[in-house]
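Each value in this text was obtained by applying a stated rule to the coordinates, not by laboratory testing. Just so we're clear, the structure is a prediction, and the values are computed from it rather than from any experiment. Here Cβ is always computed from backbone atoms with ideal geometry, including for glycine, and neighbour counts include all displayed protein chains.
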Amino acid sequence: MSKTLKMWGHRGSSCCQKVLWSAAELGLSIDLTDTGGGYGGLGAPDYLARNPNRVVPTIEDDGFVMWESSAILLYLATAYGRGTLEPEDARARGEAYRWTVWQDTTMRPKLLPLYHSWIVVENPMSRHLDELEEKRKGMFDTWMIVERHLAGRDYMAGDQFSLADIPMGVMAYWWYLMPIDHFDLPNIEAWYARISARPAFKEQVLR
Ligand SMILES: N[C@@H](CCC(=O)N[C@@H](CS)C(=O)NCC(=O)O)C(=O)O
């Protein structure tokens, strides 16, 4: 029987998708308490006692509480995915850590405002098309870093799927969700086709 982790979060959150997807890759079951988003509960005393940041996700593994989605991903990979999600090779592992940190510090801060602008533009009364276009164009250099990195590589941290593909895969999911011009990114498209064919991605992110 697979191990079950408790999780507080919601499926519409990119941070939570990182955790849900990684747990599924590792064969871990998740007992999800819908929290945040439309569900609320971030200010409830028992939630705040686990996560004082008023954000999701939070997990609990046999009484061990973790928050901060990338830290949760790294914890799960170390605890349950040595040699699978967590590469054995120190340099591949270093690369995996780098892309995980970079997703939080560089990619997400650009993608999130673009996504929010797109939601606004979906409103037919919107006057924000210029702003959307500016943010879209502003992502070119960021995506090109990934595009060049993937030249001659099947996955973000080498020739095997690893934890590095999860945060970057979730970013690609949100990017391709928007019906905008996605630039010419053949290496990213080929990589995204590879990772989005994974059953855990289909179950936890695409659903
Ligand atoms: N750095 C934090 C960011 C957490 C965060 O901003 N979570 C968002 C969802 S992605 C949140 O809780 N927003 C409020 C909500 O969904 O109600 C992490 O990666 O865990």
*Equivalent-ellipsoid semi-axes of the chain, from the Cα gyration tensor, Å, largest first*: 27, 24, 14
*Can you put VAL56, VAL101, VAL146 in order, fewest other beta carbons within 10 Å first?*
VAL101, VAL146, VAL56
*What is the fewest-to-most order of LEU20, LEU26, LEU132 by other Cβ atoms lying within 10 Å of their Cβ?*
LEU26, LEU132, LEU20
*Sticking to Cα atoms, compute the Rg of segment 4-80 to one decimal and its Dmax as the biggest Cα-Cα distance, whole number, in Å.*
11.3, 32
*State, as an integer percentage, the relative contact order of segment 76-207 based on alpha-carbon contacts under 8 Å between residues 6 or more apart.*
28
*Set Lys and Arg Cβ to +1 and Asp and Glu Cβ to -1, take the dipole of segment 58-207 about its Cα centre, and tell me which of LEU129, GLY63, VAL101 lies farthest positive.*
LEU129
_Eligible lysines near LYS202 by straight Cα distance, threshold 26 Å, same-chain separation 8 or greater_ = LYS3, LYS6, LYS18, LYS110
_If amide hydrogens are placed 1.01 Å from N in the peptide plane, which non-local residues have theirs closer than 5 Å to the one on LEU42?_
GLY36
*When the Cα centres of segment 160-182 and segment 1-78 are compared, how far apart do they sit, in Å?*
20
*Antiparallel DSSP beta bridges within segment 4-80, percent to nearest 5*: 55
*Express in nm, to one decimal, how much length is gained between THR78 and ARG50 on full extension, taking 0.36 nm for each residue of separation and deducting their alpha carbon distance.*
7.9 nm
*Order by neighbour count: SER22, SER13, SER2, fewest other Cβ atoms within 10 Å first, most last.*
SER2, SER13, SER22
